[in-house]
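The values are calculated or read from the model by the stated rules, or taken from the named source; none is laboratory data. Being a predicted model, the structure only gives us computed values, none of them experimental. Glycine gets a Cβ as well: all are built from the backbone with ideal geometry, and neighbour counts include every protein chain shown.
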């Protein structure tokens, strides 16, 4: 690397940490710096056309850091490598997110669309089903099973996707999600008995008390 390139890399790295509110790990910051260095080498003309000055580049790097910080470092680097191998064009942030999501699939987390279909099609009681990952169940519960069953897709899909992204990030940050047994019991009780059946059970209890 030339002296100019080393100076640029140093300025880029410093720009990511020279902010009091930054809480991302040094490893993630270093990964973003490495990714942009790879892009500079592989998309030389496009790179300098997109980032015509150092301030514009630093703004882009801060945006990528804030949007990608929840992905593991290995996922970020593999996603960047995949883009370099498969695309002739400098990627947008959205393309980088897609590449990282493909890497996430290897952790057992389904992509958002597959998770949505799984949540919509799973029978009741929901908590007792063999979910591909607990994050899918929790995203469905947060969205609301009734809403997933009754709302139009253009309404329920964005809501589910937003909730799933939250739980996915928690998993990627190391949290272990579980499906509590009491949730399954409560859900089974609420969904297995109709109003008429509950009234019949209540009447039986009353009759027993009068005996």
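The residue that is nearest to the chain's Cα centre (by Cα), counting only those in segment 58-76 that are touching a residue at least 40 places away in the same chain (Cβ under 8 Å) and under 21 Å from residue 48 (Cα atoms), is 65. Report yes if residue 173 is under 13 Å from the mean Cα position of the chain (by Cα), closer than 26 Å to residue 61 by Cα, modelled with pLDDT under 95 and not assigned by TED's automatic domain parsing to the domain that holds residue 44, otherwise no. So residue 173 passes the test. Picking from residues in segment 17-50 that are at pLDDT below 95 and not in a helix (DSSP H, G or I), the one that is surrounded by the most Cβ atoms within 10 Å (Cβ to Cβ) is 24. Here residue 77 clears all of (1) at pLDDT 90 or above; (2) part of a helix (DSSP H, G or I); (3) under 29 Å from residue 154 (Cα atoms) except the condition numbered (3). Under the condition of being free of Cβ contacts under 8 Å to residues at least 24 places away in the same chain and in a loop (DSSP other than H, G, I, E, B), the residues counted in segment 126-183 number 8.
So which residues in segment 103-125 are under 21 Å from residue 35 (Cα atoms), under 11 Å from the mean Cα position of the chain (by Cα) and without any contact (Cβ under 8 Å) to a residue 60 or more places away in the chain? The one that is under 21 Å from residue 35 (Cα atoms), under 11 Å from the mean Cα position of the chain (by Cα) and without any contact (Cβ under 8 Å) to a residue 60 or more places away in the chain: 105.
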